[in-house]
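*Asks:* Please read through the structure below; I'll follow up with questions.
The values are calculated or read from the model by the stated rules, or taken from the named source; none is laboratory data. Computed from a prediction, not measured in an experiment: that's the story for all the values here. For neighbour counting, all protein chains shown are included, and Cβ atoms are generated from backbone atoms with ideal geometry for every residue, glycine included.
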Amino acid sequence: MRAPYHFFDPKSTRDGAAQADHFIRTVRAAGYSGTKPGELPPVLDVESVWVKGKEVCPKALRAGQLDIFLKRVKSAFKVTPIVYTRASFVNDCMAGKGQAFKGYPLWLARYGSGAREPQSVPGAGPWTFWQYTESERVPGVPGPKNTAGTADRNVYRGTLAQLRAMANLGSTSTPPRPGTSWPTVKPGQRSVDVTTVQLLLTARGHATKADGVFGPGTVAKVKAFQKAQRLTADGVVGPSTWSRLVTTVKTGSKGTAVKALQHQLTANGHTIIADGVYGSATTTKVKAFQKAQHLTADGIAGPSTWAALVSR
C-alpha cells in the first residue's frame, strides 16, 4: 500500500489553493490516480515547522487554507484525503480548533505512550491511524553494520477488510462493520480477553497461566513480550501490543493460539470446545462469525478476524 504525502508549510496566509494545485500536478505526473489497487488516499501533513533548529507553529497557517487544500484534493481525486497531525499541535498552533479536519481520516502521532491512545483532535474526532513509534526496527530497512534499520510504525483502527477497501484492494460485498478496534486490557481485569492475552502470550513463547485474571504474573509476561517486541513495556495490552500478539491460525493449526480463538468464538455466541485443535468444527464456527461480521468468510483467523472477535 502507498499514498502521496504533502507537508503543509504555508509561505503566506492565502496559499492553500496553490499548494493543492502543485501537489495534484506532481502526484498525477508520478502516475497516482487514487483508484489503482494499493493506492491509499492522499495525505496532508499538518504539524510544526523547523526554524533555526526549533519546532515552531507555522506563522502563516490558517484553517481556511487547510480547508481549501483538502477540498481541492478531494475534488481532484474523488477520494477523501487523510490528515496527519497531533492533537497537541491543534491545541497549540490552531487554538484548539480542528474543525477543518472534520470528516477526514486522522493519522495521529503519539510516541512512547504504551496503550494510551492519542487524544481526539478538538472539533474533528479520534484517530483512524495511530503512529505509535518512529524508531521501530524493521527487517528490510537498512541499518548500521548490516542490522535492521528503524522506521515509523502504525496501527489502523479497523479491520483488514476496511483497510483493503480504503486501498482499492477489494473487500466484502457487504460493507464491513464500522468502528472495530482493539480493546485495552489492563492489570486487575478479569475477562475472556485476559484469557486470550494469556494464551497468546504462551503461543508467543511467554508461558502464562490462562486463568482469566490480569495479575502480577501476567503483567510481568506482558512487559517481557513488549520489551522483546521493542514496545513500551507498560504491562497494558493496547492496539500496538495486540497487533504483535495475535497470530494467524487456520485449519490444521494446533496450540494455545487456537484455544484463544475458540474461547473468543464462544464469547461471541459461536460456542465451541476449546481443545486447541483447528478442525472442521472450528473452521465452520469461524466462517459463521466472519459472515456475521461482514468479513471474508474464508475460515482463516487473521488480524481482521481477531480484531472483530475481541472488540465485542
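*Asks:* Can you name the number of the only condition in (1) crowded, with 20+ Cβ neighbours inside 10 Å; (2) under 23 Å from residue 102 (Cα atoms); (3) under 27 Å from the mean Cα position of the chain (by Cα) that residue 76 fails?
*Replies:* Condition (1) is where residue 76 drops out.
*Asks:* Turning to a different aspect of this structure: Failed condition for residue 241, given (1) in contact (Cβ under 8 Å) with a residue 40 or more places away in the chain; (2) surrounded by fewer than 23 Cβ atoms within 10 Å (Cβ to Cβ); (3) under 21 Å from residue 138 (Cα atoms); (4) not aromatic (Phe, Trp, Tyr), with all others met?
*Replies:* The number of the failed condition is (2).
*Asks:* Can I ask one more? Say we look at the range 181-195 and pick out the residues that are of a type in the set (S, T, N, Q) and either at pLDDT below 95 or within 18 Å of residue 159 (Cβ to Cβ) (or both); which of these is surrounded by the most Cβ atoms within 10 Å (Cβ to Cβ)? Talk me through it step by step, then tell me what you get.
*Replies:* Going through the range 181-195, the residues of a type in the set (S, T, N, Q) turn out to be 181, 184, 189, 191, 195.
Restricting the remaining residues to those that are either at pLDDT below 95 or within 18 Å of residue 159 (Cβ to Cβ) (or both) gives 181, 184, 189, 191.
Values: 181: 21, 184: 17, 189: 17, 191: 15.
The extreme case among them is 181.
*Asks:* Residue 222: touching a Pro at 6+ places or on another chain (Cβ under 9 Å), crowded, with 23+ Cβ neighbours inside 10 Å and free of Cβ contacts under 8 Å to residues at least 60 places away in the same chain, yes or no? Break it down stepwise before answering.
*Replies:* Values: touching a Pro at 6+ places or on another chain (Cβ under 9 Å): yes; crowded, with 23+ Cβ neighbours inside 10 Å: yes; free of Cβ contacts under 8 Å to residues at least 60 places away in the same chain: yes.
So residue 222 passes the test.
*Asks:* If you don't mind, another one. Residue 96 is checked against (1) surrounded by fewer than 16 Cβ atoms within 10 Å (Cβ to Cβ); (2) touching a Phe, Trp or Tyr at 6+ places or on another chain (Cβ under 9 Å); (3) farther than 19 Å from residue 15 by Cα and fails just one. What number does that condition carry?
*Replies:* (2)
*Asks:* Moving on. Scan the range 61-96 for residues that are polar (S, T, N, Q) and over 15 Å from residue 32 (Cα atoms) and report the count. Show your work before the answer.
*Replies:* Start the filter on the range 61-96 by keeping residues that are polar (S, T, N, Q), which leaves 65, 75, 80, 85, 88, 91.
Subset that is over 15 Å from residue 32 (Cα atoms): 65, 85, 88, 91.
Matching residues across the range 61-96 total 4.
*Asks:* Output the number of residues of the range 274-307 satisfying the condition of being in a loop (DSSP other than H, G, I, E, B) and either hydroxyl-bearing (Ser, Thr, Tyr) or touching a residue at least 40 places away in the same chain (Cβ under 8 Å) (or both). I'd like the intermediate steps shown before the answer.
*Replies:* Kept after step one, since they are in a loop (DSSP other than H, G, I, E, B), are these residues of the range 274-307: 274-276, 278-279, 293-300, 302.
So of that shortlist, the ones also either hydroxyl-bearing (Ser, Thr, Tyr) or touching a residue at least 40 places away in the same chain (Cβ under 8 Å) (or both) come out as 278, 293-296, 299-300, 302.
Count: 8.
*Asks:* Okay, next question. Among (1) without any contact (Cβ under 8 Å) to a residue 24 or more places away in the chain; (2) part of a loop (DSSP other than H, G, I, E, B); (3) over 20 Å from residue 165 (Cβ atoms), which single condition is residue 262 missing?
*Replies:* (2)
*Asks:* Give me the strands (runs of 3 or more DSSP E) completely within the range 67-164, filtered to those with at least 3 residues that are without any contact (Cβ under 8 Å) to a residue 40 or more places away in the chain and of a type outside the set (Gly, Ala, Ser), ordered by residue number.
*Replies:* Numbers: elements: 82-85, 106-109, 129-142, 148-156.
Filter on the range 67-164 gives 129-142, 148-156.
*Asks:* For the condition part of a loop (DSSP other than H, G, I, E, B), at pLDDT 95 or above, surrounded by 15 or more Cβ atoms within 10 Å (Cβ to Cβ) and among the polar types (S, T, N, Q), what is the one hit in 202, 208, 232?
*Replies:* Working: 202 fails: part of a loop (DSSP other than H, G, I, E, B); 232 fails: at pLDDT 95 or above.
On inspection, the qualifying residue turns out to be 208.
*Asks:* Next question, about the same structure. May I ask you to say which residue of 48, 75 is farther than 25 Å from residue 168 by Cβ and among the hydroxyl-bearing types (Ser, Thr, Tyr)? It would help to see each step written out before you state the result.
*Replies:* Working: 75 fails: farther than 25 Å from residue 168 by Cβ.
None of the other options fit; the residue is 48.
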